[in-house]
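First comes the structure, then the notes that go with it.
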Amino acid sequence: MSAELVFEEITEMSIEDANDLTQLLVDVVADGASIGFLPPLDPHVARVYWSDVLADNVVVWVARLDGAVVGSIQLHLATKQNAQHRAEIAKLMVHPTQQRKGMGRTLMAIAEKRAREENRTLLVLDTREKDPSNLLYQSIGYIEAGRIPFYAESPGKKFDASVFYYKILENR
């Protein structure tokens, strides 16, 4: 029997979803992901993060494999009057056991589709220099806008550059 992979938007944070997303965040940070946290990530800190994520301008999706959350992505819709044409991709996470299987690419496509539905024509994101995610973003049409040195702290008080990307969307 093959595993069932389902992608869905989260509009209310259930206790089960909060637990699963907390564990996902802890696991991807432990694996080296640079998504705003340093390892070892205290599960309580991760849980507090997820308790405040859902907002009118933030759309969250999860990938579930046989019911368990194994991936997530966020789309942050800009709310300023002069910015309502853009959005930011945030916190793309795929569990270390599920990476390199197309899940990140699918989550990005889902977020881009929603951005188009929201009449957003510019997407932006950033990621740590030299992370594998750079290859994903480049392969799906994101253009490097620049790099900022010493942008993100990594374990051992090391500071890494961050690469900023953008993609202009055509509303289809």
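Taken together, the residues in the range 129-154 that are within 11 Å of Y165 (Cα to Cα) and either surrounded by 16 or more Cβ atoms within 10 Å (Cβ to Cβ) or charged (D, E, K, R) (or both) amount to 5. Considering only residues in the range 10-35 that are farther than 18 Å from K130 by Cα, of a type in the set (V, I, T) and without any contact (Cβ under 8 Å) to a residue 24 or more places away in the chain, the one that is least open to solvent (accessible area, probe 1.4 Å) turns out to be V26. Of all the criteria given as (1) open to solvent by 10 Å² or more (accessible area, probe 1.4 Å); (2) free of Cβ contacts under 8 Å to residues at least 40 places away in the same chain; (3) not small (G, A, S), the one not satisfied by L38 is (2). I148 - would you say it is at pLDDT 95 or above, part of a strand (DSSP E or B) and among the β-branched types (V, I, T)? The answer is yes for I148.
Among residues of the range 101-125 that are open to solvent by less than 50 Å² (accessible area, probe 1.4 Å), those with a beta-carbon under 7 Å from a residue that is assigned to a loop (DSSP other than H, G, I, E, B) and of a type in the set (V, I, T) at least six positions away or on a different chain give the pairs M108/I140. Among the residues of the range 46-66, those identified as open to solvent by 40 Å² or more (accessible area, probe 1.4 Å) and touching a residue at least 40 places away in the same chain (Cβ under 8 Å) are L54, L65, D66.
A83 falls short on exactly one of the conditions (1) out of contact with any Phe, Trp or Tyr (no Cβ under 7 Å at 6 or more places or on another chain); (2) open to solvent by 20 Å² or more (accessible area, probe 1.4 Å); (3) of a type in the set (A, V, I, L, M), and that condition is (2).
I need the full set of residues from the range 155-168 which are under 21 Å from R105 (Cβ atoms) and either open to solvent by 80 Å² or more (accessible area, probe 1.4 Å) or not hydroxyl-bearing (S, T, Y) (or both), in order please. Answer for the range 155-168, where residues must be under 21 Å from R105 (Cβ atoms) and either open to solvent by 80 Å² or more (accessible area, probe 1.4 Å) or not hydroxyl-bearing (S, T, Y) (or both): V163, F164, K167, I168.
The values are calculated or read from the model by the stated rules, or taken from the named source; none is laboratory data. Keep in mind that this is a model prediction, so the values were computed, not measured. We place every Cβ from the backbone using ideal geometry, glycine too, and count neighbours over all the protein chains shown. These accessible areas exclude ligands, DNA and RNA; they are computed on the full protein's heavy atoms, side chains included. Shrake-Rupley method; radii C 1.70, N 1.55, O 1.52, S 1.80 Å.
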